[in-house]
1. Out of ALA257, ALA221, ALA243, which single residue is free of Cβ contacts under 8 Å to residues at least 60 places away in the same chain, touching a helix residue (DSSP H, G or I) at 6+ places or on another chain (Cβ under 7 Å), buried (at least 16 other Cβ atoms within 10 Å of the Cβ) and over 21 Å from GLU275 (Cα atoms)?
2. Tell me the residue from THR209, THR153, THR165 that is buried (at least 24 other Cβ atoms within 10 Å of the Cβ), part of a loop (DSSP other than H, G, I, E, B), in contact with a helix residue (DSSP H, G or I) (Cβ under 7 Å, 6 or more places away or on another chain) and among the hydroxyl-bearing types (Ser, Thr, Tyr), please.
3. Need pairs with beta-carbon distance below 7 Å; first residue touching a residue at least 24 places away in the same chain (Cβ under 8 Å) and within the range 102-113, second part of a helix (DSSP H, G or I) and surrounded by fewer than 21 Cβ atoms within 10 Å (Cβ to Cβ); sequence gap 6+ or separate chains.
4. Could you run through the range 43-62 and say how many residues are closer than 26 Å to ASP154 by Cβ and over 14 Å from the mean Cα position of the chain (by Cα)?
5. Residues in the range 99-117: is at least one assigned to a helix (DSSP H, G or I) and small (Gly, Ala, Ser)?
6. Given the criterion among the polar types (S, T, N, Q) and under 20 Å from the mean Cα position of the chain (by Cα), identify the matching residue among GLN233, GLN223.
7. List every residue pair whose Cβ atoms lie under 6 Å apart, where the two residues are 6 or more positions apart in sequence or sit on different chains, the first residue falls within the range 264-281 and is in contact (Cβ under 8 Å) with a residue 40 or more places away in the chain, and the second residue, located anywhere, is part of a helix (DSSP H, G or I) and small (Gly, Ala, Ser).
8. For the range 178-195, give me the residue count where each residue is surrounded by 11 or more Cβ atoms within 10 Å (Cβ to Cβ) and touching an Asp or Glu at 6+ places or on another chain (Cβ under 9 Å).
Amino acid sequence: MPVLLLLACLAAEPSSFAGGKSEVEIMVGDVPLKCFVYRPATYKDGPLLFVFHGVLRNAEEYRDHAVGMGDRFGALVVAPLFDEARFPIAKYQHGGIVRDGMAVPKDERTGAMVPKLAAEIRQREKRPDMPYYLIGHSGGGQFLFRLAAFVDTDAAEIVASNSGTLVFPRREAPFPYGYGKLPEELTTDAEWKRFVGQKLTLYLGDKDTERDEHLDVLPDAEQQGPYRFARNQAAFAAWKKVAEEKGWPFRWRIVVANGIEHDHEKMFDNAMCKEALFGRQ
C-alpha cells in the first residue's frame with residue numbers, strides 16, 4: 001500500500017480518547033450522541049463506566065462529578081447526553097418501549113443504544129472484551145431500570161440509583177408504572193424471568209425521603225410509595241416475591257448509602273458506590 005494511502009487510512013480510523021476531560025460526538029447507528037468523557041491520567045486497561053444523567057439533562061456535570069469514580073476505579077468514564085428534544089420522558093426515563101400502542105422493535109428502543117455505544121468505544125479502545133458498567137441516578141436510574149426490563153445488554157452490572165418510579169410486576173397498573181396496556185409480547189412470564197435474572201443493583205440513599213418538585217406524584221406513582229427510598233424497596237420486594245413464587249433465579253441486590261439524600265454527587269463519592277458497581281466480583 002502506498003505510504004500516503006496508508007497514512008490516510010490511519011487518520012480515518014477512530015482514535016482513542018484524550019487524557020483528562022473531553023467532549024466527543026459518537027455515532028450510534030445513524031444517531032449522533034454527544035458524550036462527555038473522562039480518562040484518568042493513570043488509566044490502563046480499566047473498565048468502561050457509563051454514567052446516566054437525570055431529568056436536568058446535565059451530562060457534563062455528571063461526568064465532572066464522576067471524575068472521582070474514574071480515578072478510584074481506574075475506569076474510563078463516559079456520560080452520554082440524551083437531550084430532551086430528541087429524547088423526551090417517554091424515550092428516556094420510560095425507555096422508548098412503546099409507540100402508538102405497539103411494542104417498539106428491540107433494536108429501536110432507547111436502551112438499545114447503550115450496547116451499540118459500548119461497541120463503538122470498545123472499537124476505539126481496541127478492546128473488544130472491555131467490560132462495561134452502567135450507573136444512573138434519578139431519571140437516569142429510571143432509564144436503566146426500564147432498560148434492564150426490556151433490553152438485552154452484556155453489561156457487567158446495571159446500577160439504578162434513587163429512581164423516582166419503577167416498573168412493578170402488576171399487569172393492571174399502566175406502563176410506565178406496571179405492565180398494564182402494554183403489548184402482550186412485553187408482559188409474558190418469559191420477559192419477567194429474564195428481567196429478574198439481570199445483574200441489577202438498586203443503589204439507594206437512605207435519606208432520599210424528600211418529596212421534591214421532580215418527584216412523580218401522579219396516583220399510579222403514589223401507589224409505589226411516598227418517596228424514592230420507599231418506592232425502590234417496594235419494587236425490589238415485589239419482584240423478589242414473584243421470582244420466589246415462580247422458582248426463578250433472582251439476581252438483584254440493594255446497596256444502601258447511609259445518610260445520603262437525593263444527590264448524585266454524594267452517591268458517586270460514597271464508599272458504597274464501589275460495592276454497588278463491583279461488589280459481585
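1. ALA243
2. THR165
3. As it stands, the answer is ALA103/GLU185; ALA103/LEU186; ALA112/LYS106, since those pairs meet every condition given.
4. Counting residues in the range 43-62 that are closer than 26 Å to ASP154 by Cβ and over 14 Å from the mean Cα position of the chain (by Cα) gives 5.
5. yes
6. One residue alone meets the criteria, GLN233.
7. Sorted first by the residue in the range 264-281, then by its partner, the pairs are ASP269/GLY68.
8. 5
The values are calculated or read from the model by the stated rules, or taken from the named source; none is laboratory data. The structure presented is a predicted model; accordingly, all values stated were derived computationally and were not measured. In this analysis, Cβ positions are derived from the backbone assuming ideal geometry, glycine residues included, and neighbour counts consider all displayed protein chains.
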